[in-house]
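Structure record follows, encoded as structure tokens.
The values are calculated or read from the model by the stated rules, or taken from the named source; none is laboratory data. The shown structure was predicted, so the numbers you read here are calculated from the model rather than taken from an experiment. All Cβ positions, even for glycine, are placed from backbone atoms using ideal geometry, and neighbour counts span all protein chains on display. To get the accessible areas, we keep the full protein, side chains included, count just its heavy atoms, and leave off ligands, DNA and RNA. Shrake-Rupley method; radii C 1.70, N 1.55, O 1.52, S 1.80 Å.
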Amino acid sequence: MNIGKLLTKSARTFPENLAIAYGSRELTYAEFNARANRLANGLRGLGVQQGDNVAVLMYNCPEMLESMFACFKAGCGTIPINFRLHPREFAFIINHSEAKVVIISPEFNEVLVDIRDDIPQVSYIVSEAEAQESFLDYDAVLSAESDRFEDADIAPDDVAWLFYTSGTTGQPKGAMLTHRNLLAMTMNFYADMCPGFGPNDVALHAAPLSHGSGCYAIPTIGKAAANVILDTKSFEPEQVLKTIEARRVTTMFAAPTMIKLLIDNPAVDLYDHSSLKSLNYGGAPMLVEDLMEAMAKLGPCLVQLYGQAESPMTITYLSHDDHVLNGDPAQMKRLASAGIPRTDVEVKIVDTDDNELPLGEMGEIVTRSDLVMRGYWRDPEATAETLRNGWLHTGDMGYIDESGYLFLMDRSKDLIISGGENIYPREIEEVIVQHPAVREVAVIGVPDPVWGESITAVVSLVAEKEVTETELIDFCTEHIARYKRPKSIDFVEELPKNNYGKILKRELRDKYWRGKTSQVI
Ligand code: AMP
């Protein structure tokens, strides 16, 4: 099924339901569908055919969802671009994806004028008329045609979303997510992540729609529930909490760093967030200490997901029911896990030769399901490497316990090898973050003439609290094997993070490894 039909069907059955709220602007499903249809017609008028690609570069706004759904309906690949990237990266993605049209919000007019010569294959830039003579006006493209559109008859493996990931090396890669993938993702959301999700639900988009939050919009639209889009350009905890209270928000996606910002903000106790049924977090590790604090402050609404661009939204999930603080050691241990595979997802652990490892043994996490991407756009080598033997190789290390819970340790490139021992930074981070003076921590391997690598913890402190390097190292020795304790601690104001709030370990490592060769590839 064309994933765009989710909107067509919701508009037919629930035309008056609130589809999108953005500041004081509100659109019903009938209005949202009509505008997406008009845009799909407009794109056809510009010569965009089924199978062509259209890039979308916008701050979160209703037009972003309209553009994505117009592309789905027209059978085009949509490429939502992360608005926080560098203009050079915008140009790379637009060129690499061979986008015919780029739809932007007016804030990007200037940037697009600057890179216009670098993206010669683009026929049209749709924005606001006054920006430049060569730009087309979004509303003019929209109103040019009828508000009826026959959703394209696609094949399930046609590309619906080209999801550019930062990748581990070199240029970003475009994960080809098909209509089948997005539909499987949607059905999984209803079955596992948010059972009972329906037209009365309200989803808040506080993270970029070009990534996780955009994925959530799809099941939200499929059930004619409301999408509340914040009109702020960055994550503002108080605004988020205020909106949850005002709109009676029931579900939201947040990266772990966003959850931390929410619970560290005094506003968490000022606003009523009891309407939240599922606060879905993931995309990066959530240390148990932070998770327990979030559970105490936000109540029984947390659900964890583990996924990646190549298998959107989720591979495994830790349900509401597993988020309990009942003191039972087996149950408490699960808080450190990424949960169990979703109902229709297979996960196993393999060694470097792709042999399946027994339960409890650490290796690379691989997965197989209808969620797994078709491959990387125009990159057969990377596709063959990542989709080896029919399984998606995630590049993440972990093990599965006797009950089927996945314990995700680290990306294989973050593994530290010291004196031939494999050391998983997450285990050490879980300890250090328990120290009351520590706000955030990242553990990395740094060059060591004797051991190959040694362990350094980069730490930021809670305001007005202090701890010395020796005290923190002693604190580790109390909790973990001596060989895993950091040899040094680096104190910093802030840890470097990427646009989605993930800690940039590569950047931290670079400082130490410049001019040297890491053992870890
Ligand atoms: P992206 O493709 O940008 O969404 O990044 C996906 C990567 O984020 C995964 O391969 C993991 O390394 C990491 N990740 C995603 N979810 C989790 C999670 N729940 N816990 C720890 N790491 C995660």
Do you know which of the residues in the range 402-420 that are over 23 Å from residue 333 (Cα atoms) and modelled with pLDDT under 80 is nearest to the ligand (Cβ to nearest atom)? 413
Need a quick list: helices (runs of 4 or more DSSP H) entirely within the range 94-206 having at least 2 residues that are open to solvent by less than 10 Å² (accessible area, probe 1.4 Å) and touching a strand residue (DSSP E or B) at 6+ places or on another chain (Cβ under 6 Å). 179-188
Any hit, the range 261-279, residues being of a type in the set (Gly, Ala, Ser), in contact (Cβ under 8 Å) with a residue 12 or more places away in the chain, in contact with a strand residue (DSSP E or B) (Cβ under 9 Å, 6 or more places away or on another chain) and open to solvent by 10 Å² or more (accessible area, probe 1.4 Å): yes
Checked the range 76-85 for anything more than 20 Å from residue 20 (Cα to Cα) and in contact with a helix residue (DSSP H, G or I) (Cβ under 9 Å, 6 or more places away or on another chain); matches are 76, 77, 79, 81, 82, 83, 85
Filter result (surrounded by 19 or more Cβ atoms within 10 Å (Cβ to Cβ) and under 30 Å from residue 325 (Cβ atoms)) within the range 347-373: 347, 349, 365, 367
So, in the range 397-409, of the ones that are within 11 Å of residue 363 (Cα to Cα) and without any contact (Cβ under 8 Å) to a residue 60 or more places away in the chain, which residue ends up most open to solvent (accessible area, probe 1.4 Å)? 399
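Condition check ((1) within 14 Å of the ligand (Cβ to nearest atom); (2) in contact with a helix residue (DSSP H, G or I) (Cβ under 6 Å, 6 or more places away or on another chain)) across all residues:
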site: 185; (1), (2): yes, no
site: 198; (1), (2): no, no
site: 201; (1), (2): no, no
site: 207; (1), (2): yes, yes
site: 216; (1), (2): yes, no
site: 222; (1), (2): no, yes
Out of all the residues in the range 423-443, which are open to solvent by 20 Å² or more (accessible area, probe 1.4 Å) and more than 17 Å from residue 509 (Cα to Cα)? 427, 430, 434, 435, 436, 439
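Here is a yes/no grid of residues against (1) farther than 16 Å from residue 431 by Cα; (2) exposed (fewer than 15 other Cβ atoms within 10 Å of the Cβ); (3) within 16 Å of the ligand (Cβ to nearest atom):
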site: 445; (1), (2), (3): yes, no, no
site: 449; (1), (2), (3): yes, yes, no
site: 454; (1), (2), (3): yes, no, no
site: 466; (1), (2), (3): yes, yes, no
site: 471; (1), (2), (3): no, yes, no
site: 474; (1), (2), (3): no, yes, no
site: 481; (1), (2), (3): no, yes, no
site: 503; (1), (2), (3): yes, no, yes
site: 513; (1), (2), (3): yes, no, no
Could you tell me which residue of the range 384-398 is nearest to the ligand (Cβ to nearest atom), considering only residues that are more than 16 Å from residue 165 (Cα to Cα) and touching a Lys or Arg at 6+ places or on another chain (Cβ under 9 Å)? 397
Selection count where residues are outside any loop (DSSP other than H, G, I, E, B) and out of contact with any Leu (no Cβ under 6 Å at 6 or more places or on another chain), scope the range 63-89: 12
Counting only strands (runs of 3 or more DSSP E) wholly inside the range 275-383, the ones holding at least 2 residues that are away from the ligand (no atom under 14 Å from the Cβ) are 346-350, 363-368
Give me the residue from the range 483-501 that is in contact with a strand residue (DSSP E or B) (Cβ under 9 Å, 6 or more places away or on another chain) and within 25 Å of residue 84 (Cβ to Cβ) and, out of that set, nearest to the ligand (Cβ to nearest atom). 501
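Per-residue answers, yes or no, for (1) among the acidic types (Asp, Glu); (2) crowded, with 23+ Cβ neighbours inside 10 Å:
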position: 310; (1), (2): yes, yes
position: 315; (1), (2): no, yes
position: 322; (1), (2): yes, no
position: 326; (1), (2): no, no
position: 332; (1), (2): no, no
position: 335; (1), (2): no, no
position: 342; (1), (2): no, yes
position: 345; (1), (2): no, no
Determine the pairs where a residue that is within 15 Å of residue 165 (Cα to Cα), located within the range 68-95, has a partner that is at pLDDT below 95 and acidic (Asp, Glu) with Cβ atoms under 9 Å apart, the partner being 6 or more residues away or on another chain. 81/89; 82/89; 83/107
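Residues are listed down the side, and each one gets a yes or a no for (1) under 22 Å from residue 438 (Cα atoms); (2) at pLDDT below 90:
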residue	(1), (2)
481	yes, yes
490	yes, no
503	yes, yes
514	no, yes
519	no, yes
Of all residues in the range 11-57, which are under 25 Å from the mean Cα position of the chain (by Cα) and in a helix (DSSP H, G or I)? 32, 36
Name, by its number, the condition in (1) surrounded by fewer than 20 Cβ atoms within 10 Å (Cβ to Cβ); (2) touching a Lys or Arg at 6+ places or on another chain (Cβ under 8 Å) that does not hold for residue 376. (1)
I'm checking my understanding of the structure. Among residues of the range 212-240 that are more than 16 Å from residue 19 (Cα to Cα) and crowded, with 21+ Cβ neighbours inside 10 Å, which one is farthest from the chain's Cα centre (by Cα)? 240
Just wondering, is there one or more residues in the range 390-407 that are hydroxyl-bearing (Ser, Thr, Tyr), part of a loop (DSSP other than H, G, I, E, B) and over 23 Å from the mean Cα position of the chain (by Cα)? yes
